[in-house]
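The block underneath contains the structure these notes are about, expressed in structure tokens.
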Amino acid sequence: MKGSIFLSLYLLAAIGFSQDVGGKTLVSQSRTTTANIGKCDITIKYHSPSVNGRKIFGGIVPFDFVVDGKEYPWRAGSNQRTTIEFSHPVEVEGQKLDSGSYGFLVLVSEKDWTLIFSSGKSWGAFNYDKANDIIRVPVKTKTMPFQEWLSYEFINPKTESVDVQLRWEETAVTFNIQTDAFSNIISDIESKEQKDANDYQELAVRTLEGNPNQKELALDYLEKSRLAFDTMSNEYYRQHYNFAYQILKAEILESQGKKDQAKDLKEKAWTTASGFNIYYYALRKYAVEGEKKEALDILKQGVKTHPDNFQTHFAFGEYYLKEKNQQKATEHFKKALDMTIEQKSRWENYARYLYLQNKLVFERN
């Protein structure tokens, strides 16, 4: 009986920090913070209470809050239960979690916390049911400089991972989230009812990334992309996808030992290249595949085959910036500017900006 009375009194006392009552506006601000890693959107929705002179952890958020064998986790915020949503499957500290929205709660101890991802998202944490737990994640606390308002922050971002830091008063915990970009990209494309030329070409590239031996499947995707772009009424986009189709198919044929077919296809591609075809082709070789020499050869051939293509000089400029050769980069951006002025191109202002920016950097160094 005493335990029940104590619990009731404690819950009533806790209302002051856990929810806002009686005001026209909520004191604890509603906040949403987002991040994207590997094509996975992560969204955290919470209310941010203030310390307001109170002792938080070990005070109004008690340590080891278990009464009569029942756990009473903290909602990790105030008012509505904090939620974390993932657009694709993830791993939280190595534990797998499907895409979806989860109620987020915390069992608080002095030095160790247990993070709970729950299917239950009812108001607050008073209706917590352990049966709804999806995963539990143990983490260590860290002492931090004082912070008045509770916050969630994404830190240490990488291509396929990011850390989330929950911080309030003088305490913080951090947990890692990882995802598989390759699987997410494939999943997104395959889920489309209507796929376009870009989707099929993306599938071809990603298929080879996942398994270089699946050349026939990649070729099949490329043929499907050809059927898609052949029906396009926009000549610019049709040419763009046709160039990519020819280059990608030639590279696959070359890897299969069909060098004559590959050579013929590449020559056709070079003949029809225009716009940013060479730009993207060369920089993909450099930035994505790490083929520095091949990228340079592509750019040289581009200037020789299509001397009026200013976009190739854009690519040359980007190439030399990556090579940390500011002088050559500036020279090529100047060539691009001169050509856009002569051709009265809509890219003139962009070319002028690139040239002046890089000229300034070169002169000041």
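The values are calculated or read from the model by the stated rules, or taken from the named source; none is laboratory data. In this text, all values refer to a predicted model and were calculated from it rather than measured experimentally. Using ideal geometry, Cβ is built from the backbone for each residue, glycine included, and neighbour counts are taken over all protein chains shown.
Which members of the stretch 144-180 meet the condition of being more than 20 Å from H88 (Cα to Cα), among the charged types (D, E, K, R) and touching a Pro at 6+ places or on another chain (Cβ under 9 Å)?
E170, the sole residue that qualifies.
What's the number of the condition Q301 fails, among (1) polar (S, T, N, Q); (2) surrounded by 21 or more Cβ atoms within 10 Å (Cβ to Cβ); (3) closer than 20 Å to A244 by Cα?
Unmet for Q301, out of (1) polar (S, T, N, Q); (2) surrounded by 21 or more Cβ atoms within 10 Å (Cβ to Cβ); (3) closer than 20 Å to A244 by Cα: (2).
Out of the helices (runs of 4 or more DSSP H) lying entirely within the stretch 192-307, which hold 3 or more residues that are more than 23 Å from A351 (Cα to Cα)? Outline the logic, then answer.
Working: elements: 197-210, 215-230, 235-255, 259-272, 277-283, 292-305.
It comes to 197-210, 215-230, 235-255, 259-272, 292-305.
Look at T179 and say whether it is at pLDDT 95 or above and in contact with a Cys (Cβ under 7 Å, 6 or more places away or on another chain). Can you show your working first?
Details: at pLDDT 95 or above: yes; in contact with a Cys (Cβ under 7 Å, 6 or more places away or on another chain): yes.
Taking the combined requirement at face value, the residue satisfies it.
Restricting attention to the stretch 323-365, which residues are within 12 Å of F310 (Cα to Cα) and buried (at least 20 other Cβ atoms within 10 Å of the Cβ)?
Result: H332, F333, A336, L337, M339, T340, A351.
Within the bounds of the stretch 195-216, is there any residue that is under 30 Å from D308 (Cα atoms) and without any contact (Cβ under 8 Å) to a residue 24 or more places away in the chain?
yes
Kindly evaluate H306 against the criterion of being out of contact with any strand residue (DSSP E or B) (no Cβ under 7 Å at 6 or more places or on another chain), farther than 23 Å from N198 by Cα and surrounded by 13 or more Cβ atoms within 10 Å (Cβ to Cβ).
Working: out of contact with any strand residue (DSSP E or B) (no Cβ under 7 Å at 6 or more places or on another chain): yes; farther than 23 Å from N198 by Cα: yes; surrounded by 13 or more Cβ atoms within 10 Å (Cβ to Cβ): yes.
Answer is yes for this residue.
Name the pairs: first residue in the stretch 66-85 and among the aliphatic types (A, V, I, L, M), second residue surrounded by fewer than 17 Cβ atoms within 10 Å (Cβ to Cβ), Cβ to Cβ under 9 Å, at least 6 apart or on different chains?
Sorted first by the residue in the stretch 66-85, then by its partner, the pairs are V67/G3; V67/S4; V67/F6; V67/L7; V67/Y10; I84/T43; I84/S101.
Just for strands (runs of 3 or more DSSP E) wholly inside the stretch 92-182: which have at least 3 residues that are surrounded by 16 or more Cβ atoms within 10 Å (Cβ to Cβ)? Reasoning before the result, please.
Details: elements: 95-97, 100-108, 112-118, 133-140, 142-155, 161-178.
Output list reads 100-108, 112-118, 133-140, 142-155, 161-178.
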